[in-house]
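Just so it is clear, none of the values below were taken in a lab; they were calculated from the coordinates. Values in this document were obtained by computation on a predicted structure and should not be read as measured data. Positions of Cβ are generated from backbone atoms using ideal geometry, with glycine treated the same way; all protein chains shown enter the neighbour counts.
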Amino acid sequence: METSLRRFFLGLSVLASLAAGPALAEPVHAIAMHGSPALPDDFKAFPYVNPTVKKGGKIAYGVVGTFDNLNPFILKSIRTTARGMLDPEYSNLVYDSLMQRSADEAFSLYPLLAESVEWDDDRSFIQFNLNPKARWSDGQPVTPEDVIFTFELFRDKGRVPFANRLAKVSKLEKVGERSVRFTFNEKSDREFPLLVALTPILPKHATDVATFEQTTLKFPVGSGPYKVADVRPGERITYRRDPNYWAKDLPSKVGYDNYDEISIEYFLQENTLFEAFKKGEIDVYPEGSPTKWARGYDFPAVASGQVIKDTFTPRTPSGMLGFVFNTRRPVFSDIKLRQGLALVFDFEWVNKNLFDNAYTRTQSYWQNSSLSYLGNPADNRELSILGDAKNRIIPGVLDGSYRLPVTDASGRDRNVLREAVTLLREAGYVVKDGRMVNAQGTPLSFEIMTQNDGQEKLALAYQRFLAPLGIQASVRTVDDSQYQARSQTFDYDVIMKSFPSSLSPGIEQVGRWTSSARDRQGSDNFAGVADKDVDTLVNAILQARTQEDFTAAVRAHDRLLVSNFFVVPLYHVNAKWLARQKHINRPDVVPLYGYQLPTWWDEDAQK
């Protein structure tokens, strides 16, 4: 009888537990994609900021382009939203997210709107406990209703990736007075809770749902450190620091947001922007050209010390810059053709004649990191992840030894061109009457679309390399607005693009390479990839539970991308250069992900 009663009450306990949903987790101050966050719950500031800096002064940034919109969350004018609204370089000045990313860790998040977090080992849910001090710029409190409103609004009227967030959520609910819980469905992955945490939150009481999909220049209400102060469409946007910013003393924001005023000036051409910097009208200038860095900074302000040149050594993967083949075009559907065209590009000639041998050839999407295939033979763990896809990988890529051929820098290396011609022949092309043609006699020709003088210079060099093989490549340089419109709608044959890489690749790989993004306008799948094996490997990255599985999945993905030649790999430098006016100063410590402009300050304000 006693045993029966124990079983009865045990059964009731189990039923009650199931009815109550997931067991409550212990609140934590920070979360990490893999492993544990580096900083304890009583940390005072990130290690790469100046925690005692005196706020004040101003900074003027400069960019090339135009803008006509202050709403960064919609598809319309996605490429022409004012900088600073949703900005990985200058920071999200107006809108706070639930958590703040540390630039000194691969992928760890610390408190912002949420003062603590609860989740389980399976990451089947995440609960954000909002900071009771969190306020909108009009003084209203940030509430769970705002969080729920934001995600539902993005689902109904936002752009990707925000529009897709709720597709992985089975239940979104308010818990208690100031908490909100996301319960995930089978579409979710282990990175997704962190992406939810990084989503900027909008005010329900100050957002017009009816007009949300339209571009706007109306000054928004946000919870971030700055307010929009002045807008001159296409020319300048000015932000003013909110003295009542609720999070100014939060450990994750100490040492950030140090200027009273931030202005972002727009220019039609890079040369005009550089001239403005030389005159002191712009305060910082990131330099991408090694030749210009070596020869173009001989103006008086540098000699007098008014302009300071900084060189930073990256500790992150190289990423990939290259000519991207639009495989939506039938001509680029054959991998042998893409490989042959990739070999024709003479990097050694370009590096010698255009860049004083300043660059290193990029061979991997995660070069200079443990995530790269270079020098790392595929082990059993990786082979298991690859499955039959290993048969599609170049043997040298599989064992880590493959490198693009080194030419004699003549622009017409016979050995390399002979290999390229062999590949093109396997793709069905032969040279006839001086033209590369297919079996139907159709010439091999395509257009390379560029957006500035630097890209045009490289495209013209590529054009010259292709010409001896009878391949006609035309080069067309278009203005910024046309470039953005055509790249957003995939209206090009070949385009130059950069694919930055981090130590924690994840959801951005979905937008760049998977079938789901191929036909989605505005996505970053510029190559038009729709490949089930690529989809599988990206999913393996997202679902990896250990660092070992994660590294194996990224390397496998790297091998498959390299072997498919979606991109003609170009180059990278093992340094980052930036020039700044003397009154702009920076912390001594440079974090893992490189210099952080939002932590810099105006030295004049310290006096």
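Observations on the model:
- Here region 164-287 is treated as a sphere whose radius is the Kirkwood value from Cα pairs; by Stokes-Einstein at 20 °C and 1.002 mPa s it diffuses with a coefficient of 116 µm²/s.
- Measure of compaction for region 263-393 (Cα Rg per 2.2 N^0.38 Å): 1.49
- Euclidean distance of C-alpha centroids, region 191-240 and region 316-393, integer Å: 38
- At 1.567 mPa s and 4 °C, Stokes diffusion of region 505-607 via Kirkwood alpha-carbon radius, µm² per second: 76
- Rounded Å value of the spacing that divides the Cα centres of region 506-520 and region 245-266: 33
- Counting only DSSP H runs of at least 4 residues, each contributing -39500 (n - 2.57), and dividing by the residue count of the chain, the helix-based mean residue ellipticity at 222 nm comes to -7500 deg cm²/dmol.
- Proportion of all alpha-carbon pairs of region 318-422 beyond 22 Å (%): 43
- Projection of the Cα convex hull of region 385-448, averaged over all directions and equal to a quarter of that hull's surface, yields 7.1 nm².
- Reach of Lys279 by Cα under 16 Å, taken over aspartates and glutamates that are not fewer than 8 positions away in the same chain: Glu265, Glu270, Asp298
- Cα-based convex hull volume of region 96-213 per residue, rounded to whole Å³: 112
- Taking packing as the residue-averaged number of other Cβ atoms within 10 angstrom, the listed peptides 475-483, 112-120, 248-256 run from highest to lowest as 112-120, 248-256, 475-483.
- Whole-number Å³ per residue for the convex hull built on Cα positions in region 409-496: 103
- Expressed as a fraction of 2.2 N^0.38 Å, the C-alpha radius of gyration for region 320-572 is 0.99.
- Counted as membrane-span-like here are DSSP H helices of the chain whose alpha-carbon atoms extend 15 Å or more along the helix's own axis and whose Kyte-Doolittle mean is 0.5 or above; these are 2-20.
- 21 Å Cα-Cα reach of Lys54 towards lysines, excluding residues that sit fewer than 8 places from it in its own chain: Lys44, Lys227, Lys248, Lys253, Lys582, Lys607
- Tail weight of P(r) past 43 Å, computed on alpha-carbon pairs of the chain, percent: 25
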